[in-house]
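Bear in mind that the values in this text are calculations on the coordinates, not laboratory data. Because the structure is a prediction, the values reported are computed rather than measured. All Cβ positions, even for glycine, are placed from backbone atoms using ideal geometry, and neighbour counts span all protein chains on display.
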Amino acid sequence: MSLRIGIAGGSVGGLFAAVLLARQGHDVTVMERARHGLARRGAGLVVQEQVLRILRQVGLEALAEQGVWAEERIALDRAGRIVSREARRQMQMSWDSLYDGFRRLLPAPQYLTGATVRTAAANADAARVTLDDGRTLAFDLLIGADGQASITRDAVNAAAPSHPAYAGYVAWRGLIPEREMPAAAAQVLFDRMAFHLGPGSHALGYLVPGADGQTAPGERRYNWVWYRPLGAEVLRELLGQARHAGALSLGPGELPQALRDTLVADAQAKLPPPFAAAVAAEAQPFVQPIYDYESARMVNGRMVLLGDAAFIARPHTAMGVAKAAGDAMTLASMLARLPLDEALAAYEQARLPQGRAVVDYGRRLGHSLAMPGA
Ligand SMILES: Cc1cc2nc3c(=O)[nH]c(=O)nc-3n(C[C@H](O)[C@H](O)[C@H](O)COP(=O)(O)OP(=O)(O)OC[C@H]3O[C@@H](n4cnc5c(N)ncnc54)[C@H](O)[C@@H]3O)c2cc1C
């Protein structure tokens, strides 16, 4: 039976589900808030098994071969000396190539941009959303793939709504065209995963593909991440600067200049010189607060949660995309084999324990890095 399926959120989680379900003959509509889609906004990701599986399912496996390799892992001390070294090859594929690849598989009219879901509701037979332009759309099934600050999760967990719990630290992040990296820093940091662990501080960095998926030397970008504690009150004030009300993070350009200057000064004082130089080279750092979130339910009537809307795992796990892929493949496979209500129950039964396990793994990794909130 062909269903009318609405998907709130058109990032990779929503797109994974949209493409798989459209191929099964369902009438799929993705509603994405971003006015111009999400192209050129991502960085890199590790190709986990589930990402490879979904790429194979849709014939995009060649994308998994295109990425930027790190040849080894090094740890730096505060002075910038290499204190440990391990040969370990790891590839970062382009998030943008993944997004673009799946987006191209979906006919344009099925992907609405500038479509913010304001309200979502479902009962045992149908689901309904209102968009911020006033339109109401009705579906047989609504998939909430609206990420960390999901509004659909409250509708699915209406009996006991819960919210992401701030872990007490943030990831300050930067993404710099490799040509803009100071030469001395590039010499130490490029072509490897580099780490520095200090008191209440964990920095890491690696090369990722360019904004259009380029992997050639000279066209890549350097991605650095600096985990540091930040008080909940300070964070609340900071998030007041975000473009979207209720946002859980700050994107490039949203951080006040004075705070960027403080970050650069702190990096000089606390990080090995190559990392401090990388922080200083980023004109528009962004802030990703670290949250834990476990949805008590993934299904309520004709509404289901998928990806970060259902479970937020700390980024140390590097499993956000893989988890969304696992959710989408399981949902599609259950819907292909079972009557709708049974399929949704089977989906929840399969994916709740997986989501909980990944969130728990993230907490343990945070704890092992001596970060707060573990
Ligand atoms: C622009 C972008 C770039 C990213 N880059 C990377 C990366 O380089 N590497 C990596 O590992 N992970 C990246 N991620 C995160 C990664 O995609 C997620 O951690 C994971 O894949 C789960 O995906 P998701 O689709 O569930 O959630 P998300 O990727 O967070 O997507 C949620 C989507 O829902 C949309 N949305 C939110 N609220 C509404 C609403 N009310 N109505 C309509 N739409 C709404 C958002 O605009 C967003 O597109 C990125 C996410 C985004 C949005």
- Dipole magnitude (debye, nearest 20) for region 207-328, charges at Cβ of Lys, Arg, Asp, Glu: 180
- Based on DSSP H assignment, which helices of the chain show an axial Cα extent of at least 15 Å together with a mean Kyte-Doolittle hydropathy greater than or equal to 1.6? 12-23
- Considering only DSSP states other than H, G, I, E and B, which trypsin sites (Lys or Arg not before Pro) in region 120-228 qualify as loop sites with at most 13 other Cβ atoms within 10 Å? ARG135
- Query: Between SER2 and HIS367, what FRET efficiency comes out of the Förster formula 1/(1 + (r/R0)^6) with R0 = 45 Å and r the beta carbon distance, rounded to 0.05?
  - Reply: 0.45
- Message: Please compute the modelled spin-label separation between ALA283 and ARG243, points set 7 Å along Cα→Cβ, answer in nm with one decimal.
- Response: 1.7
- Centroid-to-centroid separation of region 128-159 and region 172-242 [C-alpha atoms, Å]: 33
- Residues listed by number, region 262-299, amide nitrogen under 11 Å from ARG78 label point at 7 Å toward C-beta: 269-272
- Query: So how far, in whole Å, is the C-alpha centre of region 249-295 from the one of region 301-374?
  - Reply: 28
- Task: Evaluate the distance, in nm, between pseudo-label points positioned 7 Å from the Cα of THR130 and of VAL234 along their respective Cα→Cβ axes.
- Result: 4.0
- Task: Place +1 on the Cβ of every Lys and Arg and -1 on the Cβ of every Asp and Glu in region 286-374, take the dipole about the Cα centre, and give the residue among ALA324, LEU338, PRO289 whose Cα lies farthest towards its positive end.
- Result: PRO289
- ASP360 versus GLU342, label points 7 Å from Cα toward the beta carbon: distance in nm? 3.0
- Message: Quick check for me: using +1 on Lys/Arg Cβ and -1 on Asp/Glu Cβ, what's the dipole size of the chain about its Cα centre, in debye to the nearest 20?
- Response: 260
- Note on the structure: Helix-only [θ] at 222 nm, the chain, -39500 (n - 2.57) per DSSP H run of 4+, per residue, nearest 500, equals -10000 deg cm²/dmol
